[in-house]
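Notes follow once the structure below has been shown.
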Amino acid sequence: MKFRLLLLFSVFFFACTSNKNSEAFVSEASGRYLFNADEILEVYFKESVLFIKWRGNDQLKPLKVNDSTFYLSELNEKLVFNLSEDVIKLAPKKEHEGVMYTFKKLEKGEKIPSEYIADKDFDNALLAYRKIKAKDSLNRIVNERVLNRLGYQYLRDRDFERALGIFKINNTLYPKSSNTYDSMADAYLRMKDTANAVTYYKKALGINPENRSSRRQLEKLTKK
């Protein structure tokens, strides 16, 4: 009975709360927030009502709890805006196991690595990846294998420029890895740049003479 009364009260409270927000809140809260190292949660407003773009859905409409807190059903979380710190925090709950989740607002013009890759701005993509690695070297976004798979995904799509750009970034981040040189060689080979392919297969073998993929490809190329 108590639970039903609480539920009815919550529904009544939310129904009576205006979804519209003040001009000051709209101005300060609007923007792009880092959901994770390479994913954006974007806050925008229509007629002073808050909406969110996230993971391909550009019309998520959180339920307003109070002037700074909104419930987003897609996350099953309450988003708490701290405008003085330019962050959104998740309201604490048991499932978080004591971890505080904070999404920081990006500076104007600031991008995440995947956006730089999309723009073919590989220099800034490298800087962004380096920043992530310096902060958290175990972050999967900068994991060598994850980056390698991304490069091969572009290679399969015949997007050679982005594939090679990602392989170069991976090689710069992990210069002692034989595999990063092997991947670059594969990209050059697909681009019909045999000279560079041979060079990078040799570099891969110089680091790891047991790299069978590099050895096999190099033997094929040098027999021609």
Exercise. For the chain, calculate the relative contact order in percent as a whole number, restricting contacts to Cα pairs under 8 Å that are 6 or more residues apart.
Key: 10 percent
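Shape call for region 113-223 from the C-alpha gyration tensor, a ≥ b ≥ c root eigenvalues: rounded (a/c under 1.5), prolate (a/b greater than b/c) or oblate?
Numbers: a/c = 2.48, a/b = 1.52, b/c = 1.63.
Here region 113-223 falls in the oblate category.
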Quiz item: Dipole of region 56-156, Cα-centred, from +1 at each Lys and Arg C-beta and -1 at each Asp and Glu C-beta, to the nearest 20 debye?
Solution: 260 debye
Self-check item: Cα→Cβ-extended label distance, 7 Å offset, between K94 and E28, nm
Solution: 3.4 nm
Exercise. List the residues of region 20-44 whose backbone N lies under 16 Å from a point placed 7 Å from the Cα of V146 along the Cα-to-Cβ direction.
Key: 34-41
Self-check item: Shape category assigned to the chain from the gyration tensor of Cα positions, a/c cut at 1.5
Solution: prolate
Exercise. Just grab the label-to-label distance for K120 and D58, each label 7 Å out from Cα along the Cβ direction, in nm (one decimal).
Key: 2.3 nm
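Net charge within 9 Å of L173 by Cβ-Cβ distance, Lys/Arg positive one each and Asp/Glu negative one each, not counting L173 itself? Before the final figure, lay out the partial values.
Values: positive: R130, K133; negative: E144.
Once positives and negatives cancel, what remains is +1.
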Practice problem: At 0.36 nm per residue, minus the direct Cα-Cα distance, what do D159 and Y71 gain on full extension? Give it in nm, one decimal, please. | Solution: 27.7 nm
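No lab work stands behind these numbers, since they all come straight from the coordinates. Keep in mind that this is a model prediction, so the values were computed, not measured. Don't worry about glycine lacking a Cβ; one is built from the backbone with ideal geometry, like all the others, and counts go over all protein chains shown.
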